[in-house]
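Colleague: Before I ask anything, let me first share the structure, which is written out below as structure tokens.
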Amino acid sequence: MPSLIRALLVDDEPPARRWLARLLRDHADVALAGEAGTVEEAVSLAAAVRPDVVFLDVQMPPANGFDLLPHLPPGTRVVFVTAHDSYAVRAFQTNALDYLLKPVHPERLEETLRRLRLQPAPSVSADPPERLDLNDLAPLRDGRILHMVRVGDIAAIQAEGAYTRVHVAGQSPVVVLRRVKEWEEILPAPPFVRMERSLIVNLSRIRAAEGGNREETRLLLRDAGEIVLGRAATRRLRRLL
């Protein structure tokens, strides 16, 4: 019989805690180890019950969920649960296991628990790395849908005003509210290279480059379609390759 997963819920909204507790009780291998409404309460409770995983809200004034991370027992895994996806990238930079948007849906929670059961994860870090790793998961919010994609599966990112079109291997491009410069600051370089002001390319995802003339190059991406490079990007690609 599989061992129980001891879960601690930390959220300053009692209705949100009740809803998540109700969903977790539908899973026989999950045991609710406790609930806390503040970071201060959670520090004491985590030390006492030593949970396997903490389902952690981000915004809990005057503190936030990230303030709890240095106080968790070694090996504790964290799932951030919040209504605000603006914290998603920082959450994954802390090595969080997953990131759930409120209201939490049973199917999405099941995916999180599956990851918890099957994929050992490192304990969280209070000081996140500057850049994501190729094996990290990147949250891509497209309207009401949150896609979780492996960083290494991102083939290219193109600017569209304040948005970016993210080309991902094996699926259709996703348009997200994040600028190219923000992506450049968190993606591992190499293999990600900013080819021009409006474009980042994952060099490891290039299948072929077809140069029709000196002005542009047709870039074929592995399992992610193709894009056309302008003159400046074509020159940089030639220097890199």
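The values are calculated or read from the model by the stated rules, or taken from the named source; none is laboratory data. Since the structure is predicted, the reported quantities are computational estimates derived from the model, not experimental observations. To get the accessible areas, we keep the full protein, side chains included, count just its heavy atoms, and leave off ligands, DNA and RNA. Shrake-Rupley method; radii C 1.70, N 1.55, O 1.52, S 1.80 Å.
Colleague: Would you calculate a helix-derived [θ] at 222 nm for the chain, using -39,500 (n - 2.57) for each DSSP H run of n ≥ 4 and dividing by the full residue count, to the nearest 500?
Modeller: Rounded to the nearest 500, the figure is -7000 deg cm²/dmol.
Colleague: Could you look at the chain and say what percent of its accessible area is carbon and sulfur, using a 1.4 Å probe and all protein chains? All intermediate terms of the calculation are to be shown ahead of the outcome.
Modeller: Working: 6030 of 12450 Å².
Ligands and nucleic acids excluded, carbon and sulfur reach 48 percent.
Colleague: Now, a different point. What full-extension length gain, to one decimal in nm, is calculated for LEU118 and ASP26 as 0.36 nm per residue of separation minus the Cα-Cα distance? Could you put the intermediate results ahead of the total?
Modeller: Details: separation 92, 0.36 × 92 = 33.12 nm, distance 1.86 nm.
Using 0.36 nm per residue and subtracting the Cα-Cα distance, I get 31.3 nm.
Colleague: Now for a separate question. How much area per residue is accessible in the chain when the probe is 1.4 Å and only protein heavy atoms are counted (Å²)?
Modeller: Result: 52 Å² per residue.
Colleague: Please list, ordered by chain and number, the residues whose modelled amide H lies under 5 Å from the amide H of ARG6; skip anything fewer than 5 residues away on the same chain.
Modeller: ALA31, ASP52, VAL53
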